[in-house]
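In what follows, a structure is listed as structure tokens, so that the remarks can point back to it.
The values are calculated or read from the model by the stated rules, or taken from the named source; none is laboratory data. Since the structure is predicted, the reported quantities are computational estimates derived from the model, not experimental observations. Don't worry about glycine lacking a Cβ; one is built from the backbone with ideal geometry, like all the others, and counts go over all protein chains shown. Side chains included, ligands, DNA and RNA excluded: accessible areas come from the protein's heavy atoms. Shrake-Rupley method; radii C 1.70, N 1.55, O 1.52, S 1.80 Å.
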Amino acid sequence: MSKIKINIGGAGGQMGKFTPLPRLGGALYAGYLLGADFHALAAFGGGSIDDLSGNGRSLTETGGVYAANHMVCTPSNFLQAPFTDTTLFGSQGCTMIAVSASGIAESSIEVGTFSNPASGTRGIALGTPTDSNLPLVSYNFSGGPQINLTATPARDANVFEFRAGTFSPAGGLVYRRRSDVVGAQTNATTTAQSILVGQSVRIGQPNLGTTFDGTVKVAAAFFANRVLTIDELDDAYSETKALLAQFGLAI
């Protein structure tokens, strides 16, 4: 007897109407689509704070103001996850992904945690500095390695990108894709990354007061509780691109 496998995506449990979230090689820990359109017309059900991975890790919002297909994150409009960076990182590492857009003058943390040297914490984060030559940076704050991606084109507040960072005791990677660039832009380190004291993961703003207070548009955020390979990130990009295209958002 043959078996038919039906892939059901989203909190609404719809079948076949919309492409489900990327599964990140079977390691999807939490996933969020930020914007009113994603949750209208029975697309994914629920709201932007809901974990669409099915794992029940819903966000806490500050501000809670959304555009049609993204959240304009500011110091007064951001989201906090119910898990810490240490839980996500575990013993072997993790992956954080953001679909976002911001200008070259903005210094922002898109996903992750910051650090407070006075308390001995060390965070992990994905974001961008004001340096237009560095469109993507992953941080292991307060003593860990920083991975800079030197690449063109520069960030653009009106162009959404697929951006990922991996973090592990064996090193890490930054990964960038966008519709007007052929292939992935990457950079890596073999320097060990670590977290000293757990902090709650945030989307759109760091969890301690810092100079990373720029405005960033975030359409989606995904988290995996292991390090994804470049091939798996390529697959995640393709799946996310197809998903967001159904809502008129090109990446």
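Which stretch or stretches of the stretch 223-243 have amide N atoms under 19 Å from the point lying 7 Å from T190's Cα along the Cα→Cβ direction? Of the residues in the stretch 223-243, 227-230 have backbone N under 19 Å from the label point off T190. Compared with the dominant Cα axis of the chain, that is its longest principal axis, helix 230-245 is turned about 50°. To the nearest 500 deg cm²/dmol, what mean residue ellipticity at 222 nm is calculated for the chain from DSSP H runs of n ≥ 4 alone, each contributing -39,500 (n - 2.57), summed and divided by the residues? Theoretical 222 nm ellipticity from helices: -2500 deg cm²/dmol. The share of Cα pairs per 5 Å bin across the stretch 135-238, counted from zero up to the longest distance, runs 2, 10, 21, 24, 23, 14, 5, 1 percent.
You can think of it this way: the chain between D213 and S76 has 48.3 nm of extra reach, that is 0.36 nm per residue less the Cα-Cα gap. Each residue, T87 and A67, gets one label point 7 Å from its Cα in the Cβ direction; the gap between the two is 3.1 nm. Computed about the Cα centre, the dipole magnitude for the chain is approximately 420 debye when only Lys and Arg (+1) and Asp and Glu (-1) carry charge, each at its Cβ. Rounded to the nearest 20, the size of the Cβ-charge dipole of the stretch 130-243 about its Cα centre is 200 debye, with Lys and Arg at +1 and Asp and Glu at -1. Considering only Y175, S138, P20, the residue lying farthest towards the positive end of the dipole of the chain is P20, judged by Cα position with unit charges set on Cβ.
With protein chains left intact and a 1.4 Å probe, residues in the chain average 40 Å² of accessible area per residue.
A Förster radius of 22 Å combined with the Cβ-Cβ distance from D235 to N55 puts the calculated FRET efficiency at roughly 0.65. At the residue level, K217 shows approximately 50 square angstrom of accessible surface with a 1.4 angstrom probe and all protein chains present.
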